[in-house]
Amino acid sequence: MTITQIVQSQQQQRIGGISQRTQGKPHVNPYGTPGMSLNDAGDYQKMVPVDEDVAQQVRQIAFDHMKNGYGVSDGEDISKVIRDYTMSLAPEQRLSASWTLNEMFHSEAARLGEFVHQHDPGWNWGEPFDTGILDGYRQGVDIQI
């Protein structure tokens, strides 16, 4: 046997052992958000009803990113709001709720970007602009929930 064959054989044995130990147990994604359930996840990329207060927070954070960072941020604030809300839900609801809130945030950010472009066609994300133009902006999401 070559060294390559020995290594491959050992890898197959390890995989087989792990597979046998986890059969019948729910799948846990070691790289995902703790508390997220992937069991029966199916098509989780769907809009679901979310608490209106959280939806408003998401829209406000998008607005704050535009006003304070010209559309750019480290994302910690939006991640925290989404994580805190989704962890208050049943595990089976978390993926879709998280996806919904992310879609709402990105839609609002895109609308804000379009609004700024209408008033400053040469603007690009992260570049300074007169934030006074945001005074005429009305928050909202162009997504049916």
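The values are calculated or read from the model by the stated rules, or taken from the named source; none is laboratory data. A quick note: this is a predicted structure, and the numbers were derived from the prediction, not measured. As a convention, Cβ positions derive from the backbone with ideal geometry for all residues, glycine included, and neighbour counts pool all protein chains shown. All accessible areas refer to the heavy atoms of the entire protein, side chains included, with ligands and DNA or RNA removed. Shrake-Rupley method; radii C 1.70, N 1.55, O 1.52, S 1.80 Å.
Applying the selection to region 74-83, what residues are open to solvent by less than 80 Å² (accessible area, probe 1.4 Å) and part of a helix (DSSP H, G or I)?
Once the filter is applied, which keeps residues that are open to solvent by less than 80 Å² (accessible area, probe 1.4 Å) and part of a helix (DSSP H, G or I), region 74-83 yields Asp77, Ile78, Ser79, Val81, Ile82.
Of Gly71, Gly122, Gly126, which residue is part of a loop (DSSP other than H, G, I, E, B) and either buried (at least 19 other Cβ atoms within 10 Å of the Cβ) or among the aromatic types (Phe, Trp, Tyr) (or both)?
None of the others qualify; the one that does is Gly71.
So, in region 84-115, of the ones that are among the hydroxyl-bearing types (Ser, Thr, Tyr) and under 28 Å from Gly136 (Cβ atoms), which residue ends up least open to solvent (accessible area, probe 1.4 Å)?
Filtering first and then ranking leaves Thr100.
Go through region 78-123 and give me each residue that's within 16 Å of Phe63 (Cβ to Cβ), small (Gly, Ala, Ser) and within 13 Å of the chain's Cα centre (by Cα).
Ser107
Is it the case, given these coordinates, that Lys46 is part of a helix (DSSP H, G or I) and open to solvent by 70 Å² or more (accessible area, probe 1.4 Å)?
Considered against the rule, which asks whether it is part of a helix (DSSP H, G or I) and open to solvent by 70 Å² or more (accessible area, probe 1.4 Å), Lys46 comes out as no.
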